[in-house]
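Student: Here it is, the structure, as structure tokens.
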Number of protein chains: 2
Amino acid sequence: MAKKSTTPTFCLGVDYGTNSCRALVVNTANGAEIASHVYNYPSGDAGILLDPKDPNVARQDPADYIKGFVTSVKNAVKKATKVRGFKVDRVIGIGVDTTGSTPIPVDKDGTALAMLPEFKGNLAAYAWLWKDHTSYAEAAEITAKAAKHKDNYLSKCGGTYSSEWYWSKILHCKRTAPKVFKAAYSWVECADFIPAYITGNTNPDTMVRCICAAGHKAMYNEQWGGLPSETFLASLDKDLPRLRYTTKALPSDQKAGELTAAIAKKVGLPAGIPVAAGAFDAHHGAVGSGAKAGTLVKIMGTSTCDCMPAPKDKKLPDIPGLCGIVDGSIIPDMYGLEAGQSAVGDIFNWFVKQLTPGSFGTGGDAHVKLTNEAAKLAPGASGLIALDWNNGNRTILVDPLLTGMLVGQTLHTTAPEVYRALVEATAFGAVTIINRMEEYGVKVKEVINCGGISEKNAMVMQIYADVCNRPMKISSSSQTCALGAAIFGAVVGGAYRSTNAAQKKMTSVKPKVFKPIKKNVAVYAKLYKLYMQLHDALGGVNKSADLSGVMKQLIEIRKQARK
Amino acid sequence: MAKKSTTPTFCLGVDYGTNSCRALVVNTANGAEIASHVYNYPSGDAGILLDPKDPNVARQDPADYIKGFVTSVKNAVKKATKVRGFKVDRVIGIGVDTTGSTPIPVDKDGTALAMLPEFKGNLAAYAWLWKDHTSYAEAAEITAKAAKHKDNYLSKCGGTYSSEWYWSKILHCKRTAPKVFKAAYSWVECADFIPAYITGNTNPDTMVRCICAAGHKAMYNEQWGGLPSETFLASLDKDLPRLRYTTKALPSDQKAGELTAAIAKKVGLPAGIPVAAGAFDAHHGAVGSGAKAGTLVKIMGTSTCDCMPAPKDKKLPDIPGLCGIVDGSIIPDMYGLEAGQSAVGDIFNWFVKQLTPGSFGTGGDAHVKLTNEAAKLAPGASGLIALDWNNGNRTILVDPLLTGMLVGQTLHTTAPEVYRALVEATAFGAVTIINRMEEYGVKVKEVINCGGISEKNAMVMQIYADVCNRPMKISSSSQTCALGAAIFGAVVGGAYRSTNAAQKKMTSVKPKVFKPIKKNVAVYAKLYKLYMQLHDALGGVNKSADLSGVMKQLIEIRKQARK
């Protein structure tokens, strides 16, 4: 609960996205967002360093992160000073979230190798951005070896290790850039690098590592004593065990340290402000949207991340296909369940860019026009059904080598019909995640959405409500990640005794709730059966599939819908 | 062989399409097309009478056909008189082909009911155009009853009776327009109506009915004594048996009669010119393209019709899934095999109209631009595969309730990639027909294509050559239906002793032959296996399908193709 003080206090959330970082100043009493500033990374292509020879390469310059912190915080604070009640000495805490897994090779002092003159321009020494896919072979190797290990290291991350994750990238660096590997005393997730840098606690042996990154991406689990064993790491590469840090990974209600005088001066804040341990953007987004036990938060953007805390009163089974189950990764002292869809907004954007006739316009205009037309269609009236796998399937099949599919086209099929079918496909993907959680005893009592699509596209939200047969709520904040980070700033600053207590005061949902419409629910229940038939057949779950009725049932549903 | 005369002789082919009819004047010695004239039907929507309340209705005014004959022939003859060597008294014969099944209700004199004042404007009394689909329920009923009949009436038409065909339409008329049904003394195919009208042999009891229409659309076969028995027809409706004509249906090398003085005067020709028995446009198109035993002719337009004569020296088995096997329907004294794809050009047109971005332009321009880009892609490089069923499947599944499908989309899939995948899908459909014929012992030794797509789109033809692993030849004539009709004019006029002899002199293929490219053939062989897996699974052939490898194999093929 909020301190019974008449003096307002404030906290800061700093959210590092793929192309920019954002600082947000928030009133700890009520979550009011009083000032913010966005800093676009200056390097490369919108902040991403690419290699024209290899489309899998995606790196970032750690110097951008540092400049980003200083510039965004300084400016947000400057703007806040114009708001009544704000004073810099009333800032009680800072939280940070970043993309991930985005590991950075550092030296013994915790300095990013990329910032040392001898590694300037050597991309292997830079931050390996989450969407760098160079290490797919190493990921497959880790998956194969971990699957055989007695401790079943993959049981908490869906059974498959990804090329986007910590050890894959480090192993790939060893094999392709041995000089960098040799020079790296440790590898630090971006989510740990920023809190370490701004608190000065940069010694890799003692710095705070967050449970969110460690648990979801580095196979850290207290069940087997932290990171995978040295023996296991040695089975991947003899030089890997030395990178096994042994500190206890912490949730974000714990401090990473206090703001150093040097940084404080640069951003115009007092030194010594507590800084929370970091986490990934989606997890803080979930917190900023009001995630709690039984409340699933869907962060809807180009892809989605589905986060739900689950209470620790009963032992949680491993849930096959979930991206991760990590103790304390979203809300401290709860299991953090993470799932997600590897493409949602990206699929709609793809359709607009590649397959939308000129009469609908381009870009955002086309989304609006297609949505307007698609919204007029009754569920099932298009006769179409799609699989939402244009970027593989993250949950529940965990298979990046799956692709999109569209069934039911006639000579009259229109672009808005396909657009709607693609929206519906992502909704079917969404309910598949919910169903999987519930099949394993984790009840989803409430769904809160956040992110651009949920705010902008009422049709999408209504379809999700109808397909999932659950009310869809929308987070009030449009910068939930930064708000979540700020909430942890408030917690480490002492404004609240727990994350949940802070959320109760600092988060809310919009008054407009999308409620399921009964007759739509009935049609989508039929379509979902067909979706699952295709899902299981093409996804390899059912190897003796009878799909002979799919097209005919789509026609029958279409006939009913057009009546 | 041509007569050893120094005086040239000429013949006339009149081809009735869906929207217009064309008269073509041809030199009998060498097939040279010396003059032609096209007449667009004036009634309705491009010649088609529609019912705003029922999209299945498609009728035509028989008066348009008559005006069409007079206008097109008169003008073609007029143009021909300007060509050296042509004289009206050197026209030795006339052939006619039409769309079908397009039955017309007539009175006892053979006059179309639509032309009688009391039926003016009553659409049921007009010509029931081939693509009228009002009688789908009757078609299903006929299929069900014929399937149980001892004579297996559907064995020559692929096992399924269509709503586009003769008896379905008549039965639907009985049930929905009983006054018209009662007034109709007989129902005459358009292909018989025109020859009857211009020769004056209009008595329904004695007029010439062609084997092409009777055999392919009315279940006529000498094996069971002509049309289905009165008992069978009575099982459909007690009033149907009276419509069972008992004349022997004839091939087009037989005369329907001679041009009447009245018509001759109107068109500027002498009376008494022999007129060949009619046939359907595609069949005459096959003849005009050079169809012979072992030579498959593909008439490629919005849909395709695949026609191949087969010798009668050995008994031909029933071939499941073929649209028809009729003695004498293409070339007299040979079996006429007909198959087809229910949408080819229509699929490409649909994609251009509905799913092509403005940057490719519209209409014909878009086809050219998409083709130019698609032609740059290596087979398999898109990672896509499609089913060509946007308008159902005519051969070999014979199922109008199938629909299109596209598999393999990523977030980078482009419009030209999809366009190429659609072209490839139609090629896979084409080779499926060839394979089916060969599985039943009918060897396809040569493939000749005709129709707009084959002339205009080299990429399509190369893909067909590579997918089918056979050279693709193109007919020299761009009006092969009218040329085929003219060939039968030459035969009934006595210029040749046989259709084959006439074809040898009067037809040819273009010098450019599309030959299979070995490395493309190898890739398409792999893709075709995937096509057939999807074909059998979605088409209901395989009810325990393992599709788990489809997407992964597409990715593997894509990887190889992009190397």
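The values are calculated or read from the model by the stated rules, or taken from the named source; none is laboratory data. Bear in mind the structure is a predicted one, so any value in this text is a computation, not a measurement. Every residue, glycine among them, receives a Cβ derived from its backbone with ideal geometry; neighbour counts consider all protein chains shown.
Student: Is the range A:373-387 home to any residue that is within 27 Å of A:A561 (Cα to Cα), touching a His at 6+ places or on another chain (Cβ under 7 Å), in a strand (DSSP E or B) and of a type outside the set (D, E)?
Tutor: There is at least one residue in the range A:373-387 that is within 27 Å of A:A561 (Cα to Cα), touching a His at 6+ places or on another chain (Cβ under 7 Å), in a strand (DSSP E or B) and of a type outside the set (D, E).
Student: Something else about it: Does B:Q503 satisfy the condition of being crowded, with 17+ Cβ neighbours inside 10 Å, within 14 Å of chain A (Cβ to nearest Cβ) and either within 20 Å of A:D546 (Cα to Cα) or in contact with a helix residue (DSSP H, G or I) (Cβ under 7 Å, 6 or more places away or on another chain) (or both)?
Tutor: In short, no.
Student: Can you find a residue that is in the same structural domain as A:K179 (by TED's automatic domain parsing), over 22 Å from A:M207 (Cβ atoms) and either out of contact with any helix residue (DSSP H, G or I) (no Cβ under 7 Å at 6 or more places or on another chain) or not aromatic (F, W, Y) (or both) anywhere in the range A:100-107?
Tutor: There is no residue in the range A:100-107 that is in the same structural domain as A:K179 (by TED's automatic domain parsing), over 22 Å from A:M207 (Cβ atoms) and either out of contact with any helix residue (DSSP H, G or I) (no Cβ under 7 Å at 6 or more places or on another chain) or not aromatic (F, W, Y) (or both).
Student: I would also like to ask the following. Suppose we keep only residues that are of a type in the set (S, T, Y) and surrounded by 24 or more Cβ atoms within 10 Å (Cβ to Cβ) within the range B:163-178. Which one would you say is farthest from B:P103 (Cα to Cα)?
Tutor: B:S168
Student: All but one of (1) in contact (Cβ under 8 Å) with a residue 24 or more places away in the chain; (2) of a type outside the set (V, I, T); (3) out of contact with any Leu (no Cβ under 6 Å at 6 or more places or on another chain) hold for B:G158, so report the exception by its number.
Tutor: So B:G158 meets the others, but not (3).
Student: Quick one: which strands (runs of 3 or more DSSP E) lie wholly within the range B:40-118 and hold at least 3 residues that are surrounded by 22 or more Cβ atoms within 10 Å (Cβ to Cβ)?
Tutor: In the range B:40-118, B:54-60, B:91-98, B:103-106 are the strands (runs of 3 or more DSSP E) which contain 3 or more residues that are surrounded by 22 or more Cβ atoms within 10 Å (Cβ to Cβ).
Student: Could you say whether any residue in the range B:378-390 is touching a Pro at 6+ places or on another chain (Cβ under 9 Å) and surrounded by fewer than 22 Cβ atoms within 10 Å (Cβ to Cβ)?
Tutor: For the range B:378-390, residues touching a Pro at 6+ places or on another chain (Cβ under 9 Å) and surrounded by fewer than 22 Cβ atoms within 10 Å (Cβ to Cβ): absent.
Student: How many residues does the range B:141-178 contain that are outside any helix (DSSP H, G or I) and among the hydroxyl-bearing types (S, T, Y)?
Tutor: 4
Student: Follow-up. Inspect the range B:414-423 for any residue being within 9 Å of chain A (Cβ to nearest Cβ), without any contact (Cβ under 8 Å) to a residue 24 or more places away in the chain and not in a helix (DSSP H, G or I) and give the result as yes or no.
Tutor: No: the range B:414-423 contains no residue that is within 9 Å of chain A (Cβ to nearest Cβ), without any contact (Cβ under 8 Å) to a residue 24 or more places away in the chain and not in a helix (DSSP H, G or I).
Student: Another question, then. Kindly check whether there is at least one residue in the range A:282-301 that is touching a Ser or Thr at 6+ places or on another chain (Cβ under 8 Å), more than 14 Å from chain B (Cβ to nearest Cβ) and within 20 Å of A:V188 (Cα to Cα).
Tutor: yes
Student: Hey, could you check the range A:119-152 for residues that are at pLDDT 95 or above and among the acidic types (D, E) and say which is surrounded by the fewest Cβ atoms within 10 Å (Cβ to Cβ)?
Tutor: Ranking the candidates gives A:E141 first.
Student: A further question on this structure: Which of the residues spanning the range A:396-428 are surrounded by 24 or more Cβ atoms within 10 Å (Cβ to Cβ) and of a type in the set (D, E, K, R)?
Tutor: The answer is A:R420, A:E424.
Student: Would you confirm whether or not the range B:196-209 contains a residue that is more than 23 Å from the chain's Cα centre (by Cα) and under 16 Å from B:D333 (Cα atoms)?
Tutor: no
Student: Next question, about the same structure. Looking at B:G539, B:G484, which is the one that is modelled with pLDDT of 95 or more, within 14 Å of chain A (Cβ to nearest Cβ) and buried (at least 16 other Cβ atoms within 10 Å of the Cβ)?
Tutor: That would be B:G539, the only listed residue that is modelled with pLDDT of 95 or more, within 14 Å of chain A (Cβ to nearest Cβ) and buried (at least 16 other Cβ atoms within 10 Å of the Cβ).
Student: Anything in the range B:327-343 that is more than 11 Å from chain A (Cβ to nearest Cβ) and either of a type outside the set (A, V, I, L, M, F, W, C) or closer than 19 Å to A:T410 by Cα (or both)? List them, or say none.
Tutor: B:D327, B:G328, B:S329, B:P332, B:D333, B:Y335, B:G336, B:E338, B:G340, B:Q341
Student: Also, quick follow-up: So, of the residues in the range B:388-405 that are closer than 16 Å to B:V541 by Cα and among the polar types (S, T, N, Q), which turns out to be farthest from the other protein chains (Cβ to nearest Cβ)?
Tutor: Here the residue is B:T395.
Student: Same structure again: Output the qualifying pairs, or none if there are none: Cβ atoms under 8 angstrom, residues six or more apart or on different chains, first residue in the range B:218-234 and assigned to a helix (DSSP H, G or I), second residue among the hydroxyl-bearing types (S, T, Y).
Tutor: B:W224/B:Y153; B:F232/B:Y153
Residue by residue, here is whether (1) more than 29 Å from the chain's Cα centre (by Cα); (2) assigned to a helix (DSSP H, G or I) holds:
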residue: A:P516; (1), (2): no, no
residue: A:K519; (1), (2): yes, yes
residue: A:M532; (1), (2): no, yes
residue: A:A537; (1), (2): no, yes
residue: A:G540; (1), (2): no, no
residue: A:L547; (1), (2): yes, no
residue: A:M551; (1), (2): yes, yes
residue: A:E556; (1), (2): yes, yes
residue: A:K559; (1), (2): yes, yes
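Student: Of all residues in the range A:542-563, how many are at the interface with chain B (Cβ under 7 Å from one of its Cβ atoms) and of a type in the set (G, A, S)?
Tutor: 3
Student: Among B:L322, B:L316, which is more than 14 Å from every other protein chain (Cβ to nearest Cβ), buried (at least 24 other Cβ atoms within 10 Å of the Cβ) and under 19 Å from B:M219 (Cα atoms)?
Tutor: B:L322
Student: Going through the range B:471-508 one residue at a time, which ones are touching a Lys or Arg at 6+ places or on another chain (Cβ under 9 Å) and more than 16 Å from B:I331 (Cα to Cα)?
Tutor: B:P471, B:M472, B:K473, B:I474, B:S475, B:S476, B:Q479, B:G494, B:A495
Student: Residues in the range A:196-239 that are of a type outside the set (D, E, K, R) and closer than 22 Å to A:L154 by Cα: how many?
Tutor: Going through the range A:196-239 one residue at a time, the tally reaches 24.
Student: Somewhere in the range A:369-387, is a residue of a type outside the set (D, E, K, R), closer than 26 Å to B:L370 by Cα, within 14 Å of chain B (Cβ to nearest Cβ) and within 23 Å of the chain's Cα centre (by Cα)?
Tutor: yes
Student: Can you tell me which residue is nearest to A:V431 (Cα to Cα) among those in the range A:348-365 that are within 7 Å of another protein chain (Cβ to nearest Cβ) and outside any loop (DSSP other than H, G, I, E, B)?
Tutor: A:W350
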